[in-house]
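**Student:** Let me begin by handing over the structure; questions about it come next.
The values are calculated or read from the model by the stated rules, or taken from the named source; none is laboratory data. As the structure is a computational prediction, the values presented were derived from the model and not from experiment. Every residue, glycine among them, receives a Cβ derived from its backbone with ideal geometry; neighbour counts consider all protein chains shown.
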Amino acid sequence: MLKKGMDRRSQNMVEEIKSDYKASADLGLKRCMQCGLCTSNCPAAKHSNYDPREMVKMVLDDDQEIKENPDIWNCFYCYTCQSNCPVNNSACQVNQILRETILLEGGNNERIVEFLSYGYSYMDFGVGAIPSDFFDALVKDFGDHYIQLKINLEDIREELGLVDYNLKGESLDEIRNILIESGFKKRLETFQKQGES
Ligand code: SF4
Ligand code: SF4
């Protein structure tokens, strides 16, 4: 079960988003006054054509073309917009629900293929790990510092008195069972197939 109410096409986008289980009960979507604070503080907007204020406006206008806009896939859920919005709206939540709706409607699966290894890491280690596809980009941004961190992570954690990062034994089995029984694993595999076809 992925959504509250599967007959979502009979609703406009605002109602779809407000009724989604991911939306906060007090989400101020309808109170958006188009002040643009979300965009002015958004790192994704700074480095791409993504515009959270414009996305919210198109949702409020029930403009379905927002679902075709490739820029909405640049949001990376940092929640800065949410913490800055004066009317308790969250462009971040709006984006998450919008993207999930697009995926459920069968579109843009190729856009999440590179993130699937993040999901698979829950199966392998019991925790979310940065997708290996991003390794080169992280090395480019952080250089040798990032490589040294990767190489010495276990020693650093031990020195700090932190337990093993990955889950093991029964704990890991339990997580895997939850992911299988809840349909998470199957969903990952479905997206993988759709994204690669
Ligand atoms: S900060 Fe909030 S009120 Fe302002 S444009 Fe963004 S969503 Fe709308
Ligand atoms: S969550 Fe997305 S929309 Fe909000 S500030 Fe971060 S990147 Fe921008």
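**Student:** Grab the helices (runs of 4 or more DSSP H) fully contained in the stretch 126-197, keeping just those with 3 or more residues being closer than 24 Å to residue 104 by Cα and touching a residue at least 24 places away in the same chain (Cβ under 8 Å).
**Tutor:** Numbers: elements: 135-142, 144-159, 169-181, 184-196.
In the stretch 126-197, the matching helices (runs of 4 or more DSSP H) lie at 184-196.
**Student:** Within the stretch 48-57, restricting attention to residues that are in contact (Cβ under 8 Å) with a residue 24 or more places away in the chain and either part of a helix (DSSP H, G or I) or not polar (S, T, N, Q) (or both), which residue is farthest from ligand 2 (Cβ to nearest atom)?
**Tutor:** Ranking the candidates gives 57 first.
**Student:** Those residues that are surrounded by fewer than 17 Cβ atoms within 10 Å (Cβ to Cβ) and either in contact with an Asp or Glu (Cβ under 8 Å, 6 or more places away or on another chain) or under 13 Å from residue 95 (Cβ atoms) (or both), I need them from the stretch 32-56; list them, please.
**Tutor:** 48, 49
**Student:** Considering the stretch 22-42 alone, what residues qualify as being within 10 Å of ligand 1 (Cβ to nearest atom) and polar (S, T, N, Q)?
**Tutor:** Passing the criteria: 34, 39, 40, 41.
**Student:** Could you pull out the residue among 180, 175, 147 that is surrounded by fewer than 13 Cβ atoms within 10 Å (Cβ to Cβ), on the phi < 0 side of the Ramachandran plot and of a type in the set (Val, Ile, Thr)?
**Tutor:** Just a single option satisfies the conditions, and that option is 180.
**Student:** If you don't mind, another one. Can you pull out the residues in the stretch 81-95 that are part of a helix (DSSP H, G or I), over 14 Å from the mean Cα position of the chain (by Cα) and surrounded by 13 or more Cβ atoms within 10 Å (Cβ to Cβ)? Walk me through how you get there before you give the answer.
**Tutor:** Here is the first cut: in the stretch 81-95, the residues part of a helix (DSSP H, G or I) are 81-84, 91-95.
Still in the running and over 14 Å from the mean Cα position of the chain (by Cα): 81-84.
Within the stretch 81-95, 81, 82, 84 meet the criteria.
**Student:** Looking at the structure I just gave you, is residue 95 within 15 Å of ligand 1 (Cβ to nearest atom) and in contact with a Phe, Trp or Tyr (Cβ under 8 Å, 6 or more places away or on another chain)? Spell out the reasoning first.
**Tutor:** On the way: within 15 Å of ligand 1 (Cβ to nearest atom): yes; in contact with a Phe, Trp or Tyr (Cβ under 8 Å, 6 or more places away or on another chain): yes.
It is true that residue 95 is within 15 Å of ligand 1 (Cβ to nearest atom) and in contact with a Phe, Trp or Tyr (Cβ under 8 Å, 6 or more places away or on another chain).
Each row is one residue, and each column tells you yes or no for (1) modelled with pLDDT under 90; (2) hydroxyl-bearing (Ser, Thr, Tyr); (3) assigned by TED's automatic domain parsing to the domain that holds residue 42.
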site	(1), (2), (3)
82	no, no, yes
86	no, no, yes
91	no, no, yes
139	no, no, no
150	yes, no, no
160	no, no, no
168	yes, no, no
171	no, yes, no
177	no, no, no
